[in-house]
Amino acid sequence: MATVIVDRAETALTVEGGALVVRGEGCSRRSIPLNLIDRLVLQGNVALNSGMLAALGEAGVAVVCLSARSSQRQALVLGGRHNEAAIRLGQYRWATDAQRRGVWCRAVLGAKVRRQQNNLKQWLERRGGDQAPVRRGVMALAEGQATLATAGDNIAVLMGIEGAAARAYFAGMAAILPDTLGFTGRNRRPPKDPVNACLSLSYTLLHAEAALAAQGAGLDPLLGGLHRPAFGRESLASDLIEPLRPLADAWLLEQLRLRTLRPEDFEHTGQGCRLRKAGRERFYQSFESWLPGKRRWLRRQSRLLARAFKTEASPDLAQWPEEEP
């Protein structure tokens, strides 16, 4: 099963004879059988209709729509729903149980902080020299892990610990990256530099994968534990990708090191920094090569959560983030 990415202005999509048909100015007509497509990613000015969306949903093809101007603006069409309502009933009970949610939150954040620390250690070894901000970040993240391990179930406290760890982590990352990239820390809406532009796009694509995995396992993507319900947000998907964010960070820095992505691939406008067309092509190609293992991990962990919610077995929630994707 494949991911099809359409990133060309003035493109029209239809479904004809069980196949996705792509037409556009300056390009030949293309036809792809629906049974070969797992998901469809659309960016920019792409024309489609409700009949096409219905056909894609019936075929189980998920659709991810990204704004041409902001990678953080997205819409998801998730396809068919799982038929086991008992899973979602268990999820709703879990969401109101502070103790069980606390176990989940410590596990999710512990996995994330540990991987952030691993990133800084690896970057420090490769760069060498006295990188004081990186060393401080490694120490701060070690302290964060220790504090999380003994913290209670208060999610606001847990998020405060994670926030302090994230500031130290991104300060360390800024020390690793060349000044020409203009990265001084995490920013968004809009991203102001090439690194943040790519981080935002990476996280958005991971979030969509997590929402698809959650729904496929019979979960409600809108109802998370770490991220509380918010209108229009798949909070469980936000939970699921937390341990994967540092892996996406490491992937991105490797693309910058290899010059898969270069400064000329980006443009700065009044709406922030974003990838140009040629840069997006290389970004998507590399990201899709990196993604399969993380996609399988999200599906496995979603199924594990579904079993735990159905049987009220909270111990599983503490264990799943420990597995490396």
(request) Scan Arg115, Arg93 and give me the residue that is surrounded by 18 or more Cβ atoms within 10 Å (Cβ to Cβ), of a type outside the set (A, V, I, L, M, F, W, C) and either under 22 Å from the mean Cα position of the chain (by Cα) or modelled with pLDDT under 95 (or both). (result) Arg115
(message) Between Lys294, Lys277, which is surrounded by 16 or more Cβ atoms within 10 Å (Cβ to Cβ), of a type in the set (Lys, Arg) and under 30 Å from Arg8 (Cβ atoms)?
(response) Lys294
(message) Conditions first: (1) surrounded by fewer than 20 Cβ atoms within 10 Å (Cβ to Cβ); (2) farther than 25 Å from Asn187 by Cα; (3) not polar (S, T, N, Q). Glu254 passes all but one, so which condition is the exception?
(response) (2)
(request) Return a yes/no flag: does the stretch 160-173 have any residue that is crowded, with 17+ Cβ neighbours inside 10 Å, in contact with a Lys or Arg (Cβ under 6 Å, 6 or more places away or on another chain) and either over 21 Å from Gly224 (Cα atoms) or not basic (Lys, Arg) (or both). (result) yes
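Hey, does the stretch 42-62 have a residue that's modelled with pLDDT of 85 or more and closer than 28 Å to Leu205 by Cα? So that I can check it myself, show each step before the final result.
So the first thing to find is which residues in the stretch 42-62 are modelled with pLDDT of 85 or more, and the list is none.
Within the stretch 42-62 (the criterion being modelled with pLDDT of 85 or more and closer than 28 Å to Leu205 by Cα), the answer is no, since none of the residues qualifies.
The values are calculated or read from the model by the stated rules, or taken from the named source; none is laboratory data. These numbers were taken from a predicted model, which means no experiment stands behind them. FYI the Cβ positions are ideal-geometry reconstructions off the backbone, even for glycines, and counts take in every protein chain you see.
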